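Asker: Dumping the structure here so I can ask a few things about it.
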Amino acid sequence: MPAPLVPDDDLYARLELGPDASPEAVELAWRALLRRHHPDVAGDGAEALELAKRINVAHDWLSDADLRARYDADRAGVPAAVAARGASGGRARGRPGPVVDAPWRRAWAPVRRRRPTGPRRTDLVSGPPAERLARFLARVERLTPDELDRLAAAEPPPIAFLATVRRFLAPDAREAFAACETALGARVAHERWAETGVREGLLAAAAEVVLAPFLDDMLAEPFRGRSRERLLRAWDASVDQPRFGPNGSSVEAVIERVRAWGPADVASFLRASTGVDASERPWPAPLDRDEDEALRISADLAAHDVEAAMPVVGMAASPATRARRLGARLGYATALRHAYAPGEYARIAGGCDAVGAPAASSEGPEVRRAR
């Protein structure tokens, strides 16, 4: 069967979406627009029927990974033969992969089994809506500085998806979400609310709490489950989590040791780290960055805090910068030390050990995986 011709319509504009729209946004926009413009609602006229058909065509193409890749390649002016080779998964046969790349592609990767199954934040996804909202706002009011720092460092939530959700809300739902946003701003210090990560992470969780009926109605599985996981991802990886994860005592010991160094200690640290790539952030092979968002945040905060503790006052700019970067590398690795292969952490921390870095146990409190 010959491949279908690429539509000459602007499929993204037809669904009122941008080219980076996630599969969940495509599904939500299609359902919302079809409910608004279906002939049964808009009238059984030729114009309404044609509009409904175009909305369906846009969904058919943008909801299929290969068809969407062909459409994106055509929009970018890529020759049809090259686009077809890329969209067909040529990389698996040793040929070049898709020519046109886009952020939405990551959502089409095979879904891995994640542990544990089922929602972790039952306080946000179960019970009457009013009770869920009250629990959520009360918990926001009790957020600690460490939890706010974790929110600020979390992977940004799907801002484009939230924008799509807001666009298709009924007036009462839009007002309810706006009221929740106001309530959040009143419960978080102004300077923290101004931080993009904090604000967007809280708004994403609020969308799951306040707009769950709308999302349940508009998104079938697996889209609904994926949207819930992404909306709660930053909250889940930040709230009720220790600042530095399971190796907090080790990180704190390193910070104390580094803070107490004198100029000779820093110089010794630099000599022992000769040849080391100071910008390297060695992620342990057994861990998955997507599943272990909470640990990634812990490592980033440890890197920041060890770097800040490095005593470089009075040093020349170049060695001071290298010392800070090496300190960040050390903090990052210390937060993840339990996951490295035997001997790997000792190799990474060799420069610090040369000036008496404290030994630390690999055991610590269990850290919940982020969605």
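No value in this document is a laboratory result; all are computed from the given coordinates. All values derive from a computational prediction rather than experimental measurement. Glycine gets a Cβ as well: all are built from the backbone with ideal geometry, and neighbour counts include every protein chain shown.
Asker: List, in order, the whole-Hz ³J(HN,Hα) value for each residue of the stretch 54-60 obtained from phi through the Karplus relation with A = 6.51, B = -1.76, C = 1.60 and θ = phi - 60°; use x for Gly and Pro.
Answerer: Values, residue by residue: 5, 5, 5, 4, 4, 5, 4 Hz.
Asker: Give me the net charge for the shell around Leu67: Cβ to Cβ below 12 angstrom, other residues only, Lys and Arg +1, Asp and Glu -1.
Answerer: Cβ neighbours under 12 Å give a net charge of -3.
Asker: Could you rank the peptides 70-78, 174-182 by their average count of other C-beta atoms within 10 Å per residue, with the highest value first?
Answerer: Details: 70-78: 17.9, 174-182: 15.1.
Going by the mean number of other Cβ atoms within 10 Å, highest first, we get 70-78, 174-182.
Asker: Report ³J(HN,Hα) in whole Hz for each residue of the stretch 246-256, in order, from the Karplus equation J = 6.51 cos²θ - 1.76 cosθ + 1.60 where θ = phi - 60°; Gly and Pro get x.
Answerer: Along the stretch 246-256, the couplings run x, 10, x, 5, 5, 5, 4, 5, 5, 4, 4 Hz.
Asker: Sort 152-160, 219-227 by the packing proxy (mean of other Cβ within 10 Å over each peptide's residues), most packed first.
Answerer: Working: 152-160: 18.9, 219-227: 16.2.
Highest-to-lowest ranking by the protection proxy: 152-160, 219-227.
Asker: Then there's this: Need the C-alpha centroid separation for the stretch 1-72 versus the stretch 246-313, integer Å.
Answerer: Using only Cα atoms, the two centres lie 49 Å from each other.
Asker: OK, next. Can you put Met315, Met218 in order of Cβ neighbours within 10 angstrom, beginning with the fewest?
Answerer: Met315, Met218
Asker: In whole Hz, what ³J(HN,Hα) sequence does the stretch 212-218 give by Karplus (6.51, -1.76, 1.60; θ = phi - 60°), x for Gly and Pro?
Answerer: 4, x, 5, 5, 4, 6, 8
Asker: Taking square-rooted eigenvalues a ≥ b ≥ c of the alpha carbon gyration tensor, is the stretch 203-338 rounded, prolate or oblate, where a/c under 1.5 means rounded and, failing that, a/b exceeding b/c means prolate?
Answerer: Verdict is prolate for the stretch 203-338.
Asker: Please say if the stretch 238-309 is rounded, prolate or oblate, where rounded means a/c under 1.5 for a ≥ b ≥ c the square roots of the C-alpha gyration tensor eigenvalues, and otherwise the choice is prolate for a/b larger than b/c and oblate otherwise?
Answerer: oblate
Asker: Could you list which residues have their amide H under 5 Å from that of Phe244, counting only those 5 or more apart in sequence or on another chain, with H placed in the peptide plane?
Answerer: none
Asker: With 10 angstrom as the radius, rank Trp193, Trp283, Trp261 by how many other C-beta atoms surround their C-beta, starting from the fewest. Could the numbers behind the result be given before it?
Answerer: Working: Trp193 15, Trp283 18, Trp261 21.
Listing Trp193, Trp283, Trp261 from fewest to most nearby Cβ atoms yields Trp193, Trp283, Trp261.
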